[in-house]
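Rule-based calculations on the coordinates, nothing more; no lab input. Predicted model only: the values in this text are computed from it and were never measured. Using ideal geometry, Cβ is built from the backbone for each residue, glycine included, and neighbour counts are taken over all protein chains shown.
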Amino acid sequence: MSPQNTGPLRPDLEVIASHIAAGTRVLDVGCGDGTLLAELQLRHGVDARGMEINAERVEKCVARGLSVMQGDADHDLAQYPDKSFDYTILSQTLQTAARPDRMLDELLRVGSRAFVSFPNFAHWSTRAALMFGGRMPVTKALPVNWYATPNIHHVTIADFCELLREKGVAVEKQWFFSGGQSVGAATANWRAESAVFLLSRDLGRD
């Protein structure tokens, strides 16, 4: 069964899909309903595989003809040999990991390069909700109340960049979005709702 196109992608997923070449091997960690996996197979014929912790979502992915296994990325990435994939992808999931720093290490061990996207908790609307309302915000980028959210680490773009410096991880490309529109890097930490990074450990890579 061939995966069916699901329509327009989220801005972060569109960026990722447009920067992955045909014939590459990809592991989408926390692939959800398989939207990105299906797009990669349809657009480029990529050897795209997924890992998802939610059994119902895994069943839906498999029913769509996608190669997805059920697994907990906090533990199960360790089963993959070094450089098993050209790219690993972690989209809007970093903030749910038990240890994002260790997750980053695993992504760059299993893949030659890694795409990581996440919501920016330093966006001005989040700051305003805390400063003037005194409450954890519910926004388009963070749509779930504090007591039900899977987000356990409130990462900002500045925090993530500092982590990359500490680990010696190279930023090959970066993109920032607010309301689906691109935001410049200089003001991204307070203007961007979400960020996407293409990372590697090889500082000499073209």
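The string of couplings for the range 47-56 from the Karplus curve (6.51, -1.76, 1.60, θ = phi - 60°) is 7, 9, 10, x, 10, 8, 7, 7, 4, 5 Hz, one whole number per residue in order, with x for Gly and Pro.
The charge dipole of the chain, taken about the Cα centre with unit charges on the Cβ atoms of Lys, Arg (+1) and Asp, Glu (-1), comes to about 400 debye, rounded to the nearest 20. For the range 8-108, the pair-distance distribution built from all alpha carbon pairs, in bins 10 Å wide starting at 0, is 16, 51, 32, 1 percent. If the chain linking Ser18 and Asp72 were pulled fully straight, counting 0.36 nm for each residue of separation and taking away their Cα-Cα distance, it would gain 16.7 nm. Fully extending the segment from Leu42 to Trp124, taken as 0.36 nm per residue of separation minus the present Cα-Cα distance, adds 25.8 nm. Of the residues Leu36, Gly168, Met131, the one whose Cα sits farthest toward the positive end of the charge dipole of the chain, with +1 on the Cβ of Lys and Arg and -1 on the Cβ of Asp and Glu, is Met131.
Residues whose amide H comes within less than 5 Å of that of Glu172, counting only those at least five positions distant or on another chain, are Leu198, Leu199, Ser200 (H built at 1.01 Å from N in the peptide plane). Restricting the calculation to Cα atoms, the chain shows an Rg/Rh of 0.95 when the hydrodynamic-style radius is the Kirkwood one. From helices alone, the chain scores -8000 deg cm²/dmol at 222 nm; the rule is -39500 (n - 2.57) for each run of n ≥ 4 DSSP H residues, then divide by the residue total.
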